[in-house]
1. Does region 3-35 hold any residues that are part of a loop (DSSP other than H, G, I, E, B), at pLDDT 95 or above and either closer than 20 Å to Lys189 by Cβ or β-branched (Val, Ile, Thr) (or both), and which are they?
2. If I ask for residues that are assigned to a helix (DSSP H, G or I), basic (Lys, Arg) and open to solvent by less than 80 Å² (accessible area, probe 1.4 Å), which ones from region 36-69 would you list?
3. Is region 115-122 home to any residue that is open to solvent by 30 Å² or more (accessible area, probe 1.4 Å) and of a type in the set (Phe, Trp, Tyr)?
4. Inside region 112-199, counting only helices (runs of 4 or more DSSP H) that do not spill past its ends, which hold 3 or more residues that are in contact (Cβ under 8 Å) with a residue 24 or more places away in the chain and over 21 Å from Leu53 (Cβ atoms)?
5. Looking at Val78 and the list (1) open to solvent by 40 Å² or more (accessible area, probe 1.4 Å); (2) at pLDDT below 95; (3) out of contact with any Lys or Arg (no Cβ under 8 Å at 6 or more places or on another chain), which single condition is not satisfied?
Amino acid sequence: NISLVADGAFVMTPQPVDIAAFWPAGADQGVLGFNISPLIQKFRPAGEPRKVLQQEVVGFLKETLENSPISILLLPHVDPLDGAVENSDSHYMREILVMTGSYGGRITIAPDNLNAAQLKYILSQCTYFMGARTHATIGALSCLVPTVSIAYSIKAKGLNRDLFGNEDLVLDTPLVNKESLSKYYGELKNNREFIVSVL
């Protein structure tokens, strides 16, 4: 006996949490939530140093902060309960934050002690979201936040096909660089109203 049900991340009720301590400065101009994970490193070209992907991300973040008024929240979505560095979004993105700089507080990182419902609330407060973790993108999409899926598996493609009928907002991990991130972010901005209406 099999029943078709929604993924829990779609139907989960967001749990409000005080965001004042880590919300970026200038958020009245909008907030781009951004998630990147060490998991996707293994889907990059063989032998590529860890810093290559991070530097491409940093280039995009800096360019976005310098050329637009939007603020950025780095949003870890998976962290080992034992505090291990391996597969830790927080550890990986803290390195990216150090490489980027604070831009007067316009780029910050969320804490690593939030539960899934609290993370979904934070996602709901973002103007846009770009993420590698599948359930982070589901959390954002189910809160009507225009989202780019940084895909490392078929999951992101199937999710976007189900919701939009296409893969226009799916960026394959091997193609991630400063230019492609900027291009896909531009798609979110240029098509915001349409994306929200579809969602």
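1. Here is the first cut: in region 3-35, the ones part of a loop (DSSP other than H, G, I, E, B) are 3-7, 12-26, 30.
Add one more test, that the residue is at pLDDT 95 or above, and what stays is 12-26, 30.
Of everything in region 3-35, those that are part of a loop (DSSP other than H, G, I, E, B), at pLDDT 95 or above and either closer than 20 Å to Lys189 by Cβ or β-branched (Val, Ile, Thr) (or both) turn out to be Thr13, Val17, Ile19, Pro24, Gly26, Gly30.
2. If the condition is that a residue be assigned to a helix (DSSP H, G or I), basic (Lys, Arg) and open to solvent by less than 80 Å² (accessible area, probe 1.4 Å), then Lys62 is the only one that fits.
3. Yes, because at least one residue in region 115-122 is open to solvent by 30 Å² or more (accessible area, probe 1.4 Å) and of a type in the set (Phe, Trp, Tyr).
4. Filter on region 112-199 gives 116-124, 134-141, 154-164, 192-198.
5. (3)
The values are calculated or read from the model by the stated rules, or taken from the named source; none is laboratory data. The shown structure was predicted, so the numbers you read here are calculated from the model rather than taken from an experiment. Cβ atoms come from the backbone with ideal geometry, glycine included; neighbour counts cover every protein chain shown. Side chains included, ligands, DNA and RNA excluded: accessible areas come from the protein's heavy atoms. Shrake-Rupley method; radii C 1.70, N 1.55, O 1.52, S 1.80 Å.
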